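**Q** What follows is a structure written as structure tokens; I'll ask about it next.
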Amino acid sequence: MCLDTSGLHLRAYGTMADVTTTGAGEQHLSDLVWLRRVRDRIDRAYAEPLDVEALARGAHMSAGHFSREFKRAFGESPYGYLMTRRIERAMALLRRGDMSVTDACFAVGCQSLGTFSTRFTELVGVSPSEYRRVEAGVTEGLPACVEKEVTRPIRHRVGSASEQQRV
């Protein structure tokens, strides 16, 4: 009998369930490492064309398993996470006030203005053009770390960032 660091007694040889659970736990931890790497890739390369199959290959998983595990680990699908990053970056571009909605859409890697506008409205609560009109220059002078936190898109958020700050 051996003693682990938490003070629990462990048998030298476990049951089949013990062996299977341990293997599954190790596989889950390995999957999490790959999932974090893919999430970091999405964060860095959000403007590039990315598809679930290519991301899954990068995580050494099938597309279905990758999608399920990504959602389990991070709370949204890989596509949803990618679009959230793109919308977050588009919000920053639109706040500057010197870029049109169409230019911001294509600058963040979206291929369809309609999909971009729909997703933007869903995440932010207002259309991209309304956001640009109302929010231009609102965060001027704020430190980048504060600006990022205050303006982060949150699914189903109602109203603009400036309205939420007033509450």
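**Q** Taking Gly58 as the residue in question, decide whether it is at pLDDT below 95, in contact with a helix residue (DSSP H, G or I) (Cβ under 8 Å, 6 or more places away or on another chain) and open to solvent by less than 50 Å² (accessible area, probe 1.4 Å).
**A** When the stated conditions are applied, Gly58 passes them.
**Q** Which of the numbered conditions does Asp40 fail, given that it passes all the others? Conditions: (1) exposed (fewer than 14 other Cβ atoms within 10 Å of the Cβ); (2) at pLDDT below 95.
**A** Unmet condition: (2).
**Q** Taking into account only those residues within region 124-143 that are modelled with pLDDT under 80 and farther than 18 Å from Met99 by Cβ, which is surrounded by the fewest Cβ atoms within 10 Å (Cβ to Cβ)?
**A** Gly141
**Q** What number of residues in region 64-89 are hydrophobic (A, V, I, L, M, F, W, C) and over 14 Å from Ala47 (Cβ atoms)?
**A** To start, the set of residues in region 64-89 that are hydrophobic (A, V, I, L, M, F, W, C) comprises 66, 70, 73-74, 82-83, 87.
Then keep just the ones that are over 14 Å from Ala47 (Cβ atoms); that gives 66, 70, 73-74.
Total satisfying the criteria: 4.
**Q** Can you work out which of the residues in region 43-55 that are touching a residue at least 60 places away in the same chain (Cβ under 8 Å) and surrounded by 13 or more Cβ atoms within 10 Å (Cβ to Cβ) is farthest from Gly109 (Cα to Cα)?
**A** Tyr46
**Q** Would you confirm whether or not region 73-81 contains a residue that is within 24 Å of Arg132 (Cα to Cα) and open to solvent by less than 60 Å² (accessible area, probe 1.4 Å)?
**A** Within region 73-81, one or more residues are within 24 Å of Arg132 (Cα to Cα) and open to solvent by less than 60 Å² (accessible area, probe 1.4 Å).
The values are calculated or read from the model by the stated rules, or taken from the named source; none is laboratory data. This is a predicted model, so every value here is computed, not measured. Backbone-built Cβ (ideal geometry, glycine too); neighbour counts: all protein chains shown. For the accessible areas, the whole protein counts, side chains as well, though only heavy atoms, and no ligand, DNA or RNA atoms are used. Shrake-Rupley method; radii C 1.70, N 1.55, O 1.52, S 1.80 Å.
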